[in-house]
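The values are calculated or read from the model by the stated rules, or taken from the named source; none is laboratory data. A quick note: this is a predicted structure, and the numbers were derived from the prediction, not measured. Every residue, glycine among them, receives a Cβ derived from its backbone with ideal geometry; neighbour counts consider all protein chains shown.
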């Protein structure tokens, strides 16, 4: 079908969602976009990671003008060190620390936008923003290779790294490398940082704070591309019954009767990236009970109380639905974004002999 941008190839997943429904879902994101271009959480704050994900989804559905307003927001709010405030409300920073994974995701968004729209001028205009952001990220890498999760407003790096965040950062660094090569400005330091980070993600779980009750820590090393092959299959099989609730989706946390749409769609993306298309489709189909009449999606479902939890529809959930539809349907030139994330994954080296420093001291 034709979209606002005059472009065909809107995703549709036969028997699950139509192209018209995908556009409706994208419009539910645009409906909450603020006048300055920010796409907030339901509680009202904007963070750069979820904001970028929403822009990617709107681009997939052809809402290019709305997406570009969102990229303008990122340009205006990026700080001199390359980061964004952790939380921004109505244009004002309310939590001023800068998260490394928030900064890294701009590279995924700009690379995705280039793949879909082929707009070279946009990519070149955004390149200084990406370069500053990824330099901020790489500066937070430790001697062993993990990247700590934030830098405080006073300039102090955090004392630990997070597995989910680093998995997303890995994809961001790989997209940044591809973008730099495309623009004739290769960044070997980012490539080296990605190699080191990928090794730690695959071989050194001790490098990260324990957040294993969260499903994201389970599948994100696969989604981000650092883990593939037999290791990925073993990882998924190990916790499948812990997190997957047949017919409903996946739990956000292992110890609560609560399935969430965004996490379910992200696991579907991870499965698709591994070539597990049937399991991906089944999960994607299962989570459609969260669809609202206006095309938005409830954030989650508490299946003991049998009611939405929290009582909200979130733009980031709608965005994950759209990106998963694109991957499953192959509709846009960016449909393989998450599959391609694992192209450069490195075979796991024995952690007992790899020589990595056990300390997380920074370089």
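Of the listed requirements (1) touching a helix residue (DSSP H, G or I) at 6+ places or on another chain (Cβ under 9 Å); (2) farther than 25 Å from residue 29 by Cβ, residue 115 misses just one: (2). The set of residues in region 110-129 that are crowded, with 17+ Cβ neighbours inside 10 Å and more than 18 Å from residue 69 (Cβ to Cβ) comprises 111, 115, 127.
If I ask for residues that are part of a loop (DSSP other than H, G, I, E, B) and more than 18 Å from residue 88 (Cα to Cα), which ones from region 36-67 would you list? Break it down into steps so the answer makes sense when it comes.
Within region 36-67, the subset part of a loop (DSSP other than H, G, I, E, B) is 36-45, 47, 61-63.
Passing the criteria: 61, 62, 63.
Please count how many residues of region 249-258 are within 20 Å of residue 235 (Cα to Cα) and touching a residue at least 40 places away in the same chain (Cβ under 8 Å). The qualifying residues number 5. Within region 340-363, is there a residue that is over 29 Å from residue 139 (Cβ atoms), outside any loop (DSSP other than H, G, I, E, B) and at pLDDT 80 or above? The answer is no, given that none of the residues of region 340-363 is over 29 Å from residue 139 (Cβ atoms), outside any loop (DSSP other than H, G, I, E, B) and at pLDDT 80 or above.
Which of the following residues is assigned to a loop (DSSP other than H, G, I, E, B), touching a helix residue (DSSP H, G or I) at 6+ places or on another chain (Cβ under 9 Å) and either at pLDDT 95 or above or surrounded by 15 or more Cβ atoms within 10 Å (Cβ to Cβ) (or both): 334, 282?
Numbers: 282 fails: assigned to a loop (DSSP other than H, G, I, E, B).
Exactly one residue qualifies, and that residue is 334.
Number of residues in region 255-279 that are touching a helix residue (DSSP H, G or I) at 6+ places or on another chain (Cβ under 9 Å) and more than 23 Å from residue 334 (Cα to Cα): the value is 2. What's the total number of residues in region 90-100 that are buried (at least 16 other Cβ atoms within 10 Å of the Cβ) and out of contact with any helix residue (DSSP H, G or I) (no Cβ under 6 Å at 6 or more places or on another chain)? Adding up the residues that qualify gives 4. On the basis of being within 29 Å of residue 140 (Cβ to Cβ), at pLDDT 95 or above and surrounded by 24 or more Cβ atoms within 10 Å (Cβ to Cβ), does residue 106 make the cut? So residue 106 passes the test.
Residue 79 falls short on exactly one of the conditions (1) closer than 16 Å to residue 103 by Cβ; (2) in contact (Cβ under 8 Å) with a residue 40 or more places away in the chain, and that condition is (2).
Candidates 275, 261, 300: the one that is closer than 25 Å to residue 339 by Cβ and in contact with a strand residue (DSSP E or B) (Cβ under 6 Å, 6 or more places away or on another chain) is 261. Filtering region 68-89 to residues that are crowded, with 18+ Cβ neighbours inside 10 Å and assigned to a loop (DSSP other than H, G, I, E, B) leaves 78, 82, 83, 84, 85, 86. Out of the residues in region 254-279 that are assigned to a loop (DSSP other than H, G, I, E, B) and on the phi < 0 side of the Ramachandran plot, state the one that is surrounded by the most Cβ atoms within 10 Å (Cβ to Cβ). Among those residues, the one meeting the criterion is 274.
Would you confirm whether any residue within region 27-34 is surrounded by fewer than 22 Cβ atoms within 10 Å (Cβ to Cβ) and assigned to a loop (DSSP other than H, G, I, E, B)? Scanning region 27-34 turns up at least one residue that is surrounded by fewer than 22 Cβ atoms within 10 Å (Cβ to Cβ) and assigned to a loop (DSSP other than H, G, I, E, B).
Are any of the residues in region 148-164 part of a helix (DSSP H, G or I) and either surrounded by 24 or more Cβ atoms within 10 Å (Cβ to Cβ) or in contact with a helix residue (DSSP H, G or I) (Cβ under 8 Å, 6 or more places away or on another chain) (or both)?
Kept after step one, since they are part of a helix (DSSP H, G or I), are these residues of region 148-164: 163-164.
Imposing the further condition that a residue be either surrounded by 24 or more Cβ atoms within 10 Å (Cβ to Cβ) or in contact with a helix residue (DSSP H, G or I) (Cβ under 8 Å, 6 or more places away or on another chain) (or both) reduces the set to 163-164.
Yes, the conditions are met somewhere in region 148-164.
Any residue at all in region 124-136 that's in a loop (DSSP other than H, G, I, E, B), in contact with a helix residue (DSSP H, G or I) (Cβ under 9 Å, 6 or more places away or on another chain) and either modelled with pLDDT of 95 or more or under 30 Å from residue 200 (Cβ atoms) (or both)? No: zero hits.
Determine which member of the set 192, 173, 201, 179 is more than 14 Å from the chain's Cα centre (by Cα), crowded, with 23+ Cβ neighbours inside 10 Å and within 18 Å of residue 143 (Cβ to Cβ). Lay out the reasoning, then the answer.
Working: 192 fails: crowded, with 23+ Cβ neighbours inside 10 Å; 173 fails: more than 14 Å from the chain's Cα centre (by Cα); 179 fails: within 18 Å of residue 143 (Cβ to Cβ).
Exactly one of 192, 173, 201, 179 is more than 14 Å from the chain's Cα centre (by Cα), crowded, with 23+ Cβ neighbours inside 10 Å and within 18 Å of residue 143 (Cβ to Cβ), namely 201.
Regarding region 199-214, can at least one residue be identified that is part of a helix (DSSP H, G or I) and either at pLDDT below 95 or closer than 17 Å to residue 103 by Cα (or both)?
Of region 199-214, the ones part of a helix (DSSP H, G or I) are 199-203, 205-207.
Then drop every residue that is not either at pLDDT below 95 or closer than 17 Å to residue 103 by Cα (or both), which leaves none.
Taking every residue of region 199-214 in turn, none turns out to be part of a helix (DSSP H, G or I) and either at pLDDT below 95 or closer than 17 Å to residue 103 by Cα (or both).
Being surrounded by fewer than 21 Cβ atoms within 10 Å (Cβ to Cβ), more than 19 Å from the chain's Cα centre (by Cα) and either touching a residue at least 60 places away in the same chain (Cβ under 8 Å) or not in a helix (DSSP H, G or I) (or both) holds for only one residue in 185, 239, 234, and it is 185.
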